[in-house]
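The values are calculated or read from the model by the stated rules, or taken from the named source; none is laboratory data. Computed from a prediction, not measured in an experiment: that's the story for all the values here. Virtual Cβ from ideal backbone geometry, glycine too; neighbours counted across all protein chains shown.
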Amino acid sequence: MPRRYPPEFRRKVLDLLKSGRTVAEVAAALDVTEQTIYNWRNQAHRYRAKAGAELDRERRTRRRSTSPSPSWRPNSPSPNAPPSY
């Protein structure tokens, strides 16, 4: 049965990787398999990518909702104006 690690422990492992330690060094020092550390690192990358994509989507939506509609831009014909021939 796989062993469960607390989230704080996972964060500590990822922080050690960010500080420049190799996966092999961290695995040996903390008695965790290298594959487990690779899995945690990949999960963290996917989570950040997903969070970034959601933030970009939110920004685009907000930008779209706050930008003036084409009918309110200067020099654009009114939607109720008669057609010019």
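Condition first: surrounded by 10 or more Cβ atoms within 10 Å (Cβ to Cβ) and among the polar types (S, T, N, Q). Now tell me which residues in the range 1-34 satisfy that.
Passing the criteria: 22, 33.
Evaluate the following for residue 5: is it modelled with pLDDT of 75 or more and assigned to a helix (DSSP H, G or I)?
no
Going residue by residue through the range 13-26, is there one that turns out to be at pLDDT below 75 and of a type in the set (A, V, I, L, M, F, W, C)?
No, every residue in the range 13-26 fails to be at pLDDT below 75 and of a type in the set (A, V, I, L, M, F, W, C).
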